[in-house]
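The values are calculated or read from the model by the stated rules, or taken from the named source; none is laboratory data. Since the model is a prediction, treat every value here as computed from it, not as a measurement. Positions of Cβ are generated from backbone atoms using ideal geometry, with glycine treated the same way; all protein chains shown enter the neighbour counts. The protein model used for the area step is the full one, side chains on, heavy atoms only, and it has no ligands, DNA or RNA in it. Shrake-Rupley method; radii C 1.70, N 1.55, O 1.52, S 1.80 Å.
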Amino acid sequence: MASDPALKARQTSYQDTVINYISKEGGHVIALTDDQAFSTQLRLTLAKELGLSAPGQFTALTDPRHLPGELRNLLQRHPAPLLFLERSIGGQDLSFLVGQIKQAYTALKIIILTSEVQRDRLMLLHEVGADNFIAKPVSMNTLIEKMAFTIKPQGKLGQAIDLAKGLLERKEYTQALAASRKILEIKPGSAAAYLVMGDAHRGLAEYDLAREAYEAAAAAADLYLAPLQRLAEMYEHLGDRENQLRYLQKLDHISPLNVNRKVSLGEVHLALGNTEQAEDFFDRALVQMNREAVEGLSALSGRIAGVYAERDPLKAEKFLRNSLDVKGKYLSKSDLALFNQLGISLRKQGRWQDAITEYKRAVRIAPEDANLYYNMGMAFAEGQDFLQAKANLLKALDMDPDLYRASVTIAYNYGAVFLQSREKQRAAQFFQAALDMEPGHAGARRGLERSMM
């Protein structure tokens, strides 16, 4: 309990930062997301938890096309808006938008919303201008903390770094060097301090000292892209192609989804006379662009299929197959939801055997996914093949022993299959689990009674 007061004090500090940003500094929060639940959560957090409910403090958007106009209007009144940006909306990856709006509106702060934590994708978004990330779902306290850290550095270290960056922006390089040494007194080995130091030495044309500082910054933080980017830029400025190539390659290893960097690598190789390597990087850039286009098309087809899911399973099947066909050789574990949706659409049409065929395709991609085996088991059950149904349900339990506790429906289905397989004692356990979750579940009640006969 000793740490509770300190925790509460920090949370109060985060709240104060957000409140001051909006109520005293004229800040504004924008959410560009099609996730209505998150948009509502953010609105309630601002209004109820922070007391920020006055008109003109929060804007919710669902269409990316409306963002540029909204920003132009806002920046006349709010110097540095805070933008929550969904990584993907309607099958459209918005990574490209981050770089565009960050270049146009340098004071803008961007927090990326994502349901997945894909390291390569997050590294790319950080490179092109994202200031912070939120993996959904997120708690209210974490949401406030993320806003606070994005708006303003917290604590003495963050404030010292902010001061040093301000000196750099004003080209006061000697003072920035002194400020970077102050940062190192607060936190020895600080990557941010070495980065400021490198920028200051570079501004003074002290390139050897800049290189040493940037190298120290890179060594202090394994995935810190900024010092490597600075080194690549510095050697490009100096016309040193060999060293420029070296740091571009390091960047590409850490963040491999950056298409423009692959083109830059091709250009440098070509300048050095490495024609085969140049062509290889140009080819990789095209492959990456194709992959991103395929991801967008596939996600769009999947979204359309979702619209048809309940009202027209046949049309849903058409768009789901299109989504999977588009992905082709790029199919991965991230596409399991599409296979599951397709299987459900086929089962709604009574085509349980076709559903099993699709689940088996998916198993080849993700052989350890319990949900796939559960869905395959239910497809066999719909075909009255309870032996195979039970075998697949058991395999799912081997992978995830608590799967049947995920929902009352799953628990009930387990009970029904085991009852049909004449394993009454096991069936009773599943029916009881369903009743524990929903005491009034009539089907589970009847199933339990039959299991006791």
Sequence-separation-based contact order of segment 345-453, relative, with Cα cut under 8 Å and 6+ spacing, percent: 18 percent
Sequence-separation-based contact order of the chain, relative, with Cα cut under 8 Å and 6+ spacing, percent: 7 percent
Membrane-span-like helices (DSSP H runs, Cα span along own axis at least 30 Å, mean Kyte-Doolittle at least -0.5) in the chain -> 275-308
Which order do you get for K333, K360 if you rank them by accessible area with a 1.4 Å probe, largest at the top? K333, K360
Can you count the Lys pairs in segment 325-453 whose Cα atoms are under 17 Å apart, with each pair 8 or more apart or on different chains? 5
Mind checking which lysines have their C-alpha under 18 Å from K146, skipping anything on the same chain fewer than 8 residues away? K8, K48, K109, K136, K156
For a Förster distance of 35 Å, can you work out the FRET efficiency between the beta-carbons of Y330 and H237, rounded to the nearest 0.05? 0.40
So, counting K/R as plus one and D/E as minus one, what does the shell of residues with Cβ under 15 Å around V268 add up to? -3
Give the accessible surface of segment 323-452 per residue, rounded to a whole number of Å², with probe radius 1.4 Å and ligands, DNA and RNA excluded. 50 Å²
Compute the accessible area per residue over segment 1-128, keeping the other protein chains in place, probe 1.4 Å, unit Å². 50 Å²
Label point distance in nm, D222-H66, each placed 7 Å from Cα along Cα→Cβ: 4.3 nm
Percent carbon-and-sulfur accessible area, the chain, ignoring ligands, DNA and RNA, probe 1.4 Å: 51 percent
